[in-house]
Amino acid sequence: MTSKTSWYQAQTLASQSLLRRLSHSSRYRMAADLAAVRAGETVLDYGAGDGTLLVELFRREPAAQYWAMEPSPKMRDLLQAQLLEAQLTAQVASSPAELPPNSLDLIVCTEVLEHLPEGPLDAALRTIAAALKRDGRALISVPIETGLPSLLKNLVRRLQGTEAVTLRDAWNCALGQAQRVNRGGNEWYIPSHLGFDFRSIEQRLPAAGLKLMQRHYSPLPLGAAALNSQIFWSVEKL
């Protein structure tokens with residue numbers, strides 16, 4: 001993190017909520033572990049946000065080349081500040097169209113796809129596949145918003161007043177019936193996690209040109225989707 005806490009960090013790693021801090025610190029650490037960046041690789045953070053993960057990857061392996069794609073001007077400002085403080089020189093793209101095809105060894109895409117409606121979601125997965133080298137790999141993560149994890153998350157949201165969650169929506173999420181939840185948003189972006197079903201991502205991978213290699217869960221080593229708050233997929237280009 002930068003020496004001065006940003007508004008985004010105040011919602012994540014520097015949140016007043018202990019659960020949020022633990023959840024975000026765990027997923028960043030696990031993402032960096034699973035990415036396992038190697039010297040000489042060309043690495044992209046797709047939807048890089050404020051750059052926290054990218055800086056951690058650089059800290060672990062400074063001998064790689066780094067890219068960041070972040071479409072939000074507000075987030076890109078935070079990203080540039082983090083890169084400057086970390087003395088990390090990275091190529092920063094504001095649109096997927098700026099990414100070079102068939103050129104990246106590794107793409108990480110964490111906590112991004114849950115915010116995309118179906119059309120942009122499919123386009124993002126195809127872009128990831130197209131930007132990877134033939135033997136490239138990607139690490140994708142999204143939150144688990146079904147079953148027991150969703151009940152706990154929605155209880156916290158109601159208690160903290162961070163999001164208007166009806167009992168009916170909370171119940172439908174717990175049952176994995178996302179189609180019954182009005183997720184809101186617009187044709188490009190859905191701000192809420194409410195009603196997101198992580199299983200829809202895995203179903204879309206083959207059509208996008210990606211092959212699932214392994215599933216990982218955070219923050220617990222056991223319990224899979226029943227007890228964890230995030231899922232990671234290690235994928236390769238078909």
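Readers should treat all values here as calculations from the given coordinates under stated rules, not as data from a laboratory. Remember, predicted model here, so these are calculated numbers, not experimental data. Methodologically, a virtual Cβ is constructed for each residue, glycine included, from the backbone with ideal geometry; neighbour enumeration extends over all protein chains shown.
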Using Cα atoms only, what is the angle between the long axis of helix 118-131 and the major principal axis of the chain, expressed in degrees (0 to 90) to the nearest 10?
30 degrees
How long is the gain from Asp135 to Lys74 if the chain were fully straight, where each residue apart is worth 0.36 nm and the alpha carbon distance is subtracted?
18.6 nm
For labels at Ala36 and Leu212 in the simple 7 Å Cα→Cβ model, what's the distance in nm?
2.0 nm
Under the 0.36 nm per residue contour assumption, what length would be gained going from the current alpha-carbon distance of Asn186 and Glu98 to full extension?
29.3 nm
Give me Asp197, Asp135, Asp77 sorted ascending by neighbouring Cβ count inside 10 Å, so fewest comes first.
Asp135, Asp77, Asp197
Estimated inter-spin distance, Glu85 and Thr162, nm [label 7 Å along Cα→Cβ]
2.1 nm
Consider a paramagnetic label point 7 Å from the Cα of Ala123 along Cα→Cβ; state which residues of region 86-107 have an amide N under 13 Å from it.
95-98
Along Cα→Cβ, 7 Å out, is where each label goes; now give me the distance between the ones at Arg29 and Leu151 in nm to one decimal.
2.7 nm
With axes computed from alpha carbons, what is the tilt in degrees of helix 18-35 against the longest principal axis of the chain, rounded to the nearest 10 within 0 to 90?
40 degrees
Which residue fluctuates most in the GNM of the chain (Cα springs below 10 Å): Ala81, Ala124, Ala207?
Ala207
So which chymotrypsin sites (Phe, Trp or Tyr not before Pro) in region 102-201 pass both tests, a DSSP loop state and at most 13 other Cβ atoms within 10 Å of the Cβ?
Trp188, Tyr189
So how compact is the chain: Cα radius of gyration and Dmax in angstrom?
17.2, 50
